[in-house]
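Working notes, beginning with the structure itself.
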Amino acid sequence: MALPRLTQVKSEFSVGSSIGTVIVWMLLTLITLGIAAFFFPYFYQKDVLNRSFVVDGTGTKMGRLRCSIGFGDAFGHAFLWILLTIITLGLALFIYQIRVTRFVYNHTEIEWLD
């Protein structure tokens, strides 16, 4: 499939969805005494990507993004970073955010529309 010269990624993730997701994760973070905060970046980015599309220059949807991260994937990755955060007294958190983004993007594919 030859892509047009001008393609973009457009997200349909609404402000309402964002607020709802943040509220749920804030509650989970309180209930789990902060542990859920390490998983929030994975699933928040997954929500945004799963509501995003590849569009051509006219705005026609050509494909949708699909992030395949599950809890097991996130747990394995986050567990390592929780340990590194404890060992480095929080300094690993600066790198953690970048690594989470990379991890999520590497588990995302484009599902082309017919």
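Read-outs: derived from the displayed coordinates by stated rules, not from any lab. Being a predicted model, the structure only gives us computed values, none of them experimental. Here the Cβ positions follow ideal geometry from the backbone for every residue, glycine too, while neighbour counts run over all protein chains shown.
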Restricting the stretch 53-81 to residues that are over 14 Å from residue 107 (Cβ atoms) and of a type in the set (Gly, Ala, Ser), the residue that is farthest from the chain's Cα centre (by Cα)
57
Surrounded by fewer than 16 Cβ atoms within 10 Å (Cβ to Cβ) and touching a strand residue (DSSP E or B) at 6+ places or on another chain (Cβ under 8 Å) - does that describe any residue in the stretch 89-109?
yes
Any chance the stretch 23-30 includes a residue that's among the aliphatic types (A, V, I, L, M), closer than 22 Å to residue 98 by Cβ and over 12 Å from the mean Cα position of the chain (by Cα)?
no
Identify all residues within the stretch 87-102 that are assigned to a helix (DSSP H, G or I) and not aliphatic (A, V, I, L, M); write none if there are none.
94, 96, 97, 99, 101, 102
State the number of residues belonging to the stretch 56-72 that are within 28 Å of residue 35 (Cα to Cα) and of a type outside the set (A, V, I, L, M, F, W, C).
4
Please identify the pairs in which a residue from the stretch 6-23 that is touching a residue at least 60 places away in the same chain (Cβ under 8 Å) has its Cβ atom under 6 Å from the Cβ atom of a residue that is surrounded by 10 or more Cβ atoms within 10 Å (Cβ to Cβ), counting only partners at least 6 apart or on another chain.
none
